[in-house]
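Shown next, in structure tokens, is the structure this report addresses.
The values are calculated or read from the model by the stated rules, or taken from the named source; none is laboratory data. Computed from a prediction, not measured in an experiment: that's the story for all the values here. A quick note on method: Cβ atoms are made from the backbone with ideal geometry, for glycine too, and the neighbour counts reach across all protein chains shown.
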Amino acid sequence: MSDIKLSICIPTYNREAYLRNALEHCETYNFSFPYEIVISDNASTDNTTQVVEEFIAKGLPIHYHRRAVNGGSGPNLACAFHHAVGEYSIYLADDDFLVPAGVEAAMAYLDANPDVVACQAPWYLYDEVHDRDLSQFYDIAENTKFAQQNFIELFQFIFNGHIFPEIGIYRSSALRSAWVPRDFCFWAFSYLAHFVDQGAVTFLKQPFYRSVAVSKIAPARQQAGNDDVMTAWDKYRGGLEYFLYIAAKRGKLNTSREARAVYDEMCKIFTLNRMSVAVRFWVARKDFIKAYELYTRMALGGLGEHPEVAELRHSLPMMVAIQTLTYQVNATAGINRLILSGMADPKSIGEMLRNMGLLPEIEIVADPQTHDPALLEKTAIFAADMPRRENFLKLGYKPNLIFIETDLTQHVLI
């Protein structure tokens, strides 16, 4: 038996600067219990090995395992967990930090509650540049414990708090069967079902993890988790349904038609609320078409008045139209000119088109005085009304490159 109490499991790949930063923070941890740092390297081609060896030489209790080939993020984390010898294990991203006081409190709780196989907790979103916590990812009023196989109360807790159980400290003995491949069903909900199937699960009020939202190494970097937020709604719903399926197979879920309808509605509402976050992210990226697609699903599901989308409804049709025009023009080979005909403010529309990504080689012009036959096939047109479109047709411009507003907004229904 090992005397290691906690295994801090860090998967990494070609991120030597981030890993160095994380390990420098690990040097400051002064835990009251013995711990190890298990690093799984996904066959990095940078100086990751040298960075690890440097910190081993400094005395950090690191156990380093280098994979022969890059097997993807899932196997890399599994590798770290499998090599862990601590009584408890925690995942630490190579660009994030632990909150030592929170870790100490969670460890004390687990020692005092041997029936608990997983301690979940909210986490801080941290601005490393300004050394401040920006926010906390979900809140709970008090430590909340769920007995083994108490699936239904746990599901209600997740639904009511819109909680994502992504940060936890686990009994390593439970990980062997709980942390298994799940692809279509979101891992955090699937694994939560596995944990509560094996033993009690507790959600602690005190965070023990800092997710670095603004890094001093690359302040404008895109966090990988954001991609899930923007696209993984069916995985989220799949994870919730998987959780309920495990509950049903254990005989803990009423599977009558009426009960299934209630749980189906809860999964839908949870997923649609998560879509509202995706709307905000897509708008920030100036992708209003994707934001509109999400709006249609939210509105049909009964969340058309959600604050994230309600404030967009006035401007969304115009922004979708401009982005659609940008797409149509960029998609057409040989176009090097866009005419804005009859527009009240062509300068503003031109600026919006550029902001949406209209190719720089495409010239934006107002109504030309003359129409060079050599330019007819190289020109797209955004006309203010049907009479103008008809006039351009008579001049010989291609019919499917003359757009009016209804061509761009006919199917944008708010």
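For the reader, a short list of remarks on this structure follows.
- Candidates Phe151, Phe159, Phe184, Phe155: the one that is under 23 Å from the mean Cα position of the chain (by Cα) and buried (at least 21 other Cβ atoms within 10 Å of the Cβ) is Phe155.
- From the list Leu375, Leu395, the one residue that fits, being touching a residue at least 24 places away in the same chain (Cβ under 8 Å) and in contact with a His (Cβ under 7 Å, 6 or more places away or on another chain), is Leu395.
- Enumeration of residues in segment 154-207 that are polar (S, T, N, Q) and out of contact with any Cys (no Cβ under 7 Å at 6 or more places or on another chain): Gln156, Asn160, Ser172, Ser173, Ser177, Ser190, Gln198, Gln206
Yes/no per residue for (1) at pLDDT below 95; (2) surrounded by fewer than 16 Cβ atoms within 10 Å (Cβ to Cβ); (3) over 36 Å from the mean Cα position of the chain (by Cα):
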position	(1), (2), (3)
Gln369	yes, yes, yes
Asp372	yes, yes, yes
Ile381	no, no, yes
Asp385	no, yes, yes
Glu390	no, yes, yes
Leu393	no, yes, yes
Gly396	no, yes, yes
Asn400	no, yes, yes
Thr406	yes, yes, no
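- Qualifying residue in segment 79-92 (condition: within 27 Å of Thr48 (Cα to Cα) and exposed (fewer than 15 other Cβ atoms within 10 Å of the Cβ)): yes
- Residue count for segment 350-367, restricted to those that are of a type outside the set (D, E, K, R) and loosely packed, with under 12 Cβ neighbours inside 10 Å: 1
- Residue check for Arg280: modelled with pLDDT of 95 or more and charged (D, E, K, R): no
- Highlighted here are the helices (runs of 4 or more DSSP H) found entirely within segment 227-330 that include at least 3 residues which are out of contact with any strand residue (DSSP E or B) (no Cβ under 7 Å at 6 or more places or on another chain) and among the small types (Gly, Ala, Ser): 233-249, 257-284.
- Residue match in segment 39-56 (condition: of a type outside the set (A, V, I, L, M), in contact (Cβ under 8 Å) with a residue 12 or more places away in the chain, under 20 Å from Pro100 (Cα atoms) and part of a helix (DSSP H, G or I)): yes
- Scanning segment 191-212 for residues being in contact with a Phe, Trp or Tyr (Cβ under 6 Å, 6 or more places away or on another chain) and not in a helix (DSSP H, G or I) gives a total of 6.
- Single residue of segment 323-334 satisfying the filter (surrounded by fewer than 20 Cβ atoms within 10 Å (Cβ to Cβ) and either touching a residue at least 40 places away in the same chain (Cβ under 8 Å) or in contact with a Pro (Cβ under 8 Å, 6 or more places away or on another chain) (or both)) that is nearest to Asp287 (Cα to Cα): Gln328
- Residue list for segment 132-152, filter: among the aliphatic types (A, V, I, L, M) and touching an Asp or Glu at 6+ places or on another chain (Cβ under 7 Å): Leu134
- Enumeration of residues in segment 398-414 that are polar (S, T, N, Q) and in contact (Cβ under 8 Å) with a residue 12 or more places away in the chain: Thr409
- Filter result for the condition that a residue is among the basic types (Lys, Arg), in contact with a helix residue (DSSP H, G or I) (Cβ under 9 Å, 6 or more places away or on another chain), free of Cβ contacts under 8 Å to residues at least 24 places away in the same chain and surrounded by fewer than 20 Cβ atoms within 10 Å (Cβ to Cβ), over Arg250, Arg285, Arg257: Arg285
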